[in-house]
Each structure stands twice: as C-alpha cells, then as structure tokens.
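Working notes, beginning with the structure itself.
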Amino acid sequence: MMQPTENKNGEIMNSASFSSPKSPIESVSSPDRLSRCTNTVNDRGTFPADQVSNDIDRITDALLNSNENAAAEVPSDTVEIFSKIIESRIASSRNQNPGSNNHKMTEEDSFFFEAVVRLSKLTNAFSELSSSSMSSAVITSDSLNRTSSVLQKAMAFLEEELRALLEDTQCRESNGNTNFCLIRESSDQSSPVAEMNDNSDLPGYPPDVVTKMGRIVSTMISGGYDKECFQVYSIARRTLFQEQLKKLEHEKLNMDDVWRMSWDSLEKEINRWVKMVKTCSETLFPAEKKLGEMVFSDHPMIFTPIFSNLARSVVIQLLDFAGAVAMTKRSAEKLFKFLDMYETLQDVIPAISTAGCTESENSEHELKSEISAACDRLGEAAMNIFLDLENSIKNDVAKTAVPGGAVHPLTRYVLNYLKYACEYKSTLEKIFQKSPDNLEQSESPDDHHPGDPNPKPFSDQIVKVMDLLDGNIEAKSMLYRDPSLRYVFLMNNGRYILQKVKGSAEIHQVMGDNWCRRRSTVVRQYHKNYQRETWVRLLHCLNHEGLMVNGKVNKPLLKERLKNFNTMFDEIVKTQNTWVVSDEQLQSELRVSISAVVIPAYRSFLGRFRQHLDSSKQADKYIKHQPEELEGHIDKLFEGVAISMARRRT
C-alpha cells in the first residue's frame, strides 16, 4: 500500500491514502503531526482512518499481551487522534439537518461502528493494565480516562441513534404504512432480511434501517452497554406495540365494568378482544420476534428477555378481561363467545414461545401457565353453560300443544344449539376431558365409538341430550287428543332431528349411522301409525263386505257407506288442512302415500257399485267427489292454510 502523504496545506489525507505503520511506536507520534491531524479532524473532516485504526489494534494487542515495553511507550497522540476521529463523527451527525435522511447504512457508519468497538477494546485493555503491577504509569491512566470519556459519548450517541431509528415515523411512512414495524421485503432475495421476511404483507422498517439498528445494537453490547441497549429497545418497541393495540379499539375494562355491562355491550367488547388477541398472536408477536431476531442476530440471548417482557405486559391485559368475562353470570347465548375466547387465547401460547436463557424460560413458563389457567376458567364456564342444556330440556314442561303438530320450538333450539356447539367439537372434547369429574359416559345401548380407548365425554353428553330431547318430545305428544295429530307431531320432530343430524358432519359422527338408521325406522313407524289412525279408518267405508245379499246389492247400505265416506273425508280434509308439515320431502311423501292408499280403493269401489244407484241424480248426491278431486284435496293437506283463514275470520 502507499505510504501516508500530506497535501500542500499539510493536512493528512483520507483513509484510502494510508498504509499501516510498522509499529505502534513508529506511528503518528510527533507533536506537529498530532496538531495537523487534530486540525484536520476539526476543520475538514479528513483523517488517516486506516492507519490510526491499525495502530489502535496493535496497541490493544500489546496491552492485552502484557508487553511492558509497549505499555510504557504508548503513543498518546495516536489515542488522541483516534478519540478525536470518533468525537468528530458524533458532532458531525448531531449537526445534520433534522430532515436529512440518515437512515441508510453508509461506509462512514460502518467505520464508526468498528471504531467504537476498537475504542471499547482499547479501554478494557487500559483498564486491565491500570489494575496490574504497571498501574503506576501515568500515561496509562490518562489514556484510560480519555478513552472512557469518549466511549461514554459514543454510547450515548448510539443510544440516541437507536431510539431515533425505532421511533422515526418518516422511516415507516417511506414504506407506505405505519401500522406496524417489521421488515420491508428486500430486493436482494439472498439477504438475511429477505429470508426472514416471509410475509411481504407486513410493512415495516427498510432493510437498511434494520441492518443499521443491528450494527448499533452489536456495538453497544460489545462495549458493555447491553443494559442501556435493552432499555432503549424495550421502551421504544413497547410504545409502538401499545399504539397498535389502541387502534383495535378495545377498551380497557376492570372486573366491575364487565359485570355491570349488558350482554349486547359485552358481546361487542368480546368481539373486539378476540380481534385484538388474534392480531397479537397472528401478526404483532411474530412480527416482533422477526424484527428482534434480525436486530439482535449476533446476541439472541439479549433479545429473548426483551420479547418475553413485552409479551407479558401485553398478555396480562388480555388475561384480565378474559378472567372477568369467565366470572359473569352464565347464560346459553354466551357459550360460543366463551369458546371463541378460549380458542383465541390458546393460540397465544405458541406465538410467545421463544428459545432463550433460563431466566426468560422461567418467565415464559409462568406466563404460559397464566394463559392456561385463564383458558381453564373460560373452558369451565363454557362446559357448565353446555351442561345447563340438560336442565333446560328437563324444565321445559309445556301444558299447551304446538298448533298443527308442527316442530316444537324446543326441538329447533336444541338441534341448532348442538349444531353450533359441534363446530367447536374438538375444543369442547378437550374442555370436557379436563373436567375433574371426567363426566360419566353415556350408557346408551348403541356404542357410538366402539373400540375407542380415548374417552369422549362431550360426545357422550350430546347423546345424553338427544335422549332427553326424545323423552321430552314423546311426553309433549301426549298433549294431542287426536292420535293422528300426535303421530304427525312425532313425525315432524323426528324428521327434523334426523335431517339436522345428517346435515351436521360433527353430530352425525357422534350419533353414528346405526342411530340414524334406527331414527329413520322410528319416523317410518310414526308414518304408518298416522295412516292407520286416519286413512285406514276411512277405507272401512269402502269395505265390500255386506253389500251383496243373495246376489243383489244392498242399496241402502251402499248409500250409507258412500255418505259416511264423504262426511269422513270432508272432515279429515277440513281438519288436516290446519296441520303443518314444514319439511317438503316429508309433506310430499305423506301425500303420495295417502293417495296411493285412498285413490285406487275409491276408484275401484265406484267402478263396481256406481251402476247400482237408481239414477244419475242419486249418483251425484252420494258420489260427492271424483277420484281426481280427492287427489286434489289430498295435495293441499298439511299446509296450515285453515289456521290462517280462521285467524282472519276472528
């Protein structure tokens, strides 16, 4: 390399112009050389950077190797020049215009960070020397005081720089978004920043800024200022994190506030809370870890407690609300919100997990235990709410039958409740399995999960609820005096239950195919019983028995049977038009089966005996309906039309 040169004004030229001297003692040492270098640093900003840096490295190595001769001959002018170089850089940065963009990492920044590291090592070497047998050397003491003073200035400056970078909104606005600070996707896909940023939708600091923050952090930690670095980073990031939480509009409420709120108001707060927790676990915590892992890439053990402390400060707020909600009065409508909170809170645990020092691991374990305890309280509340469904069924003792034999509101409520509850089936199974009582399993004769060694207390509870509902509906059917209407009621409710179970994969899985087949058989039996009570009795009017006496038709008996048929059919149509079968398929099946029984029998009866009526006038009198007309009336059954007409008349 070229030897150091001076320009015509006697100034030492920039770092590229210098080679390293042969020894520390031969380095810049004369008073006039020191004067020129000092003036250069102060007035022009040019300095022999490489030469002085190499001199400092040799001096540090000599001191650390206890070279007494080198220690006794430390060239104080070299240390002074190096100190002034660092001071000049600090002053120059502080004198920059506030609006200037100093976020990008420059060669000057890199030299400054390396210089501070060298200064830190040199200060440590002086410190060790001053405490040894050679501590009487005045030059060592003076040098230690000088480097220590400059090192403090440098660290204070780096602290300010780190805080400014973390808090600078202009830096984040340059990325087009200030919602959260992670790492902007780098154009260099091979860079560490690009590798870490696997979610380009998360806005944040540009890669240059992240790199600069990382260099500052490494420089401060290597200089023994890890506590200051810890504090600056923690405060800045915690402040930004809290700003994001405020944007989610979840109001901080104490326990009394939660208890006094109406359910409508509390439900809105729960929705906001769930959104906040999901944002934390899915976006903010992962982003915070990614940013920290990049900035503290050389010192991951330092970042772990920083993240743990931040996570704890946030999670504790979330747990306070969850605990208050879990202690509110139980009611059925709260079940699904409690389960939403439970599942959302469970997802926080992996989001705050880190691999770090023992102290942080202990703190993290405590926090996870608190989250688990809050989940247990929510889970217990949800389980008790679901168990209350049993009492709701048992206590639903109606004294008035549902008009028209329609599906009972209790049936709709229970099946819809089970349908939505089963959307949380895996969660509820976990909750029920944690129950200290380990709820007794259903003793239903149909084993719904044969050969399964794992207990399924929630599934067993569903079976129990279904059995209770069956018993309740059976009891309510006894409120109908008309046996035909009783079977229509049982048919409606049985069909509704069957369709709901088949329509929900979760409930179907619990109840099993055997249960569905048995239920279908029961509903078909209700259908047969209904036909027997209504239409088989009607068909007795078309019985041929007794109509033929000595080869002749008993006309009075024929007329009586036709008259009875007309009267009974009209009464059935009038009555059953008011009955309700809301399931279109069941309604169609009923009408088809009725027509299949009644129409052929009626057509056959008329075909054999109509000719025995005395005249067409008598035929019109006793044959009130043609077969096609009967079918038209049957096709209008079970629509509940007459109920509406009756209401209009009143």
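Where a number appears in this text, it was derived from the coordinates with a stated rule and is not lab data. This structure is a prediction, so every number in the text was calculated from the model and none was measured. Neighbour counts run over all protein chains shown; Cβ positions are idealised from the backbone, glycine included.
Divide, for region 485-590, the radius of gyration over alpha carbons by 2.2 N^0.38 Å, where N is the residue count.
Cα Rg divided by the expected 2.2 N^0.38 Å: 1.53.
May I ask you to evaluate 6.51 cos²θ - 1.76 cosθ + 1.60, the Karplus curve with θ = phi - 60°, for each residue of region 401-407 and list the ³J(HN,Hα) values in order in whole Hz, giving x for glycine and proline?
3J(HN,Hα) across region 401-407, in whole Hz: 6, 6, x, x, x, 6, 4.
Given region 516-555, report the % of alpha carbon pairs whose separation exceeds 12 Å.
More than 12 Å apart: 69 percent of the Cα pairs in region 516-555.
Please list, or write none, the lysines whose alpha carbon is within less than 24 Å of the alpha carbon of LYS247, excluding same-chain residues fewer than 8 places away.
Leaving aside lysines fewer than 8 places away in the same chain, those within reach of LYS247 are LYS268, LYS275, LYS278, LYS289, LYS290, LYS337.
What three numbers, in Å, describe the spread of the alpha carbons of region 211-362 along their principal axes, ordered from the longest?
Dimensions of region 211-362 along the principal axes of its Cα atoms: 59, 25, 22 Å.
Would you mind counting up the charge near ARG94? Only other residues with Cβ under 12 Å from its Cβ, with Lys and Arg at +1 and Asp and Glu at -1.
With Lys, Arg at +1 and Asp, Glu at -1, the net is -1.
May I ask you to evaluate 6.51 cos²θ - 1.76 cosθ + 1.60, the Karplus curve with θ = phi - 60°, for each residue of region 499-509 and list the ³J(HN,Hα) values in order in whole Hz, giving x for glycine and proline?
Using θ = phi - 60°, the values come out as 5, 5, 5, 5, x, 10, 4, 5, 5, 4, 4 Hz.
Around GLY204, which amide H atoms from residues at least 5 apart in sequence, or from another chain, sit under 5 Å from its own amide H, with H modelled in the peptide plane?
When sequence neighbours closer than 5 places are left aside, the close amide H contacts are LEU182, ARG184.
Pop out the ³J(HN,Hα) list for region 361-369 in order, Karplus 6.51 cos²θ - 1.76 cosθ + 1.60 with θ = phi - 60°, rounded to Hz; leave Gly and Pro as x.
4, 5, 5, 5, 4, 5, 5, 4, 5
If R₀ is 41 angstrom, what is the calculated FRET efficiency for the pair ILE349 and ASN65, using the beta carbon separation as r and rounding to 0.05?
Plugging the Cβ-Cβ distance into 1/(1 + (r/R0)^6) gives 0.20.
Quickly rank 259-269, 322-332 as a protection proxy: mean count of other C-beta atoms within 10 Å, highest first.
Going from most to least packed, we get 322-332, 259-269.
Taking 20 Å as the cut-off for C-alpha to C-alpha distance, list the pairs among LYS559/LYS636; LYS574/LYS624; LYS104/LYS227; LYS419/LYS464 that go past it.
Over 20 Å Cα-Cα: LYS559/LYS636; LYS104/LYS227.
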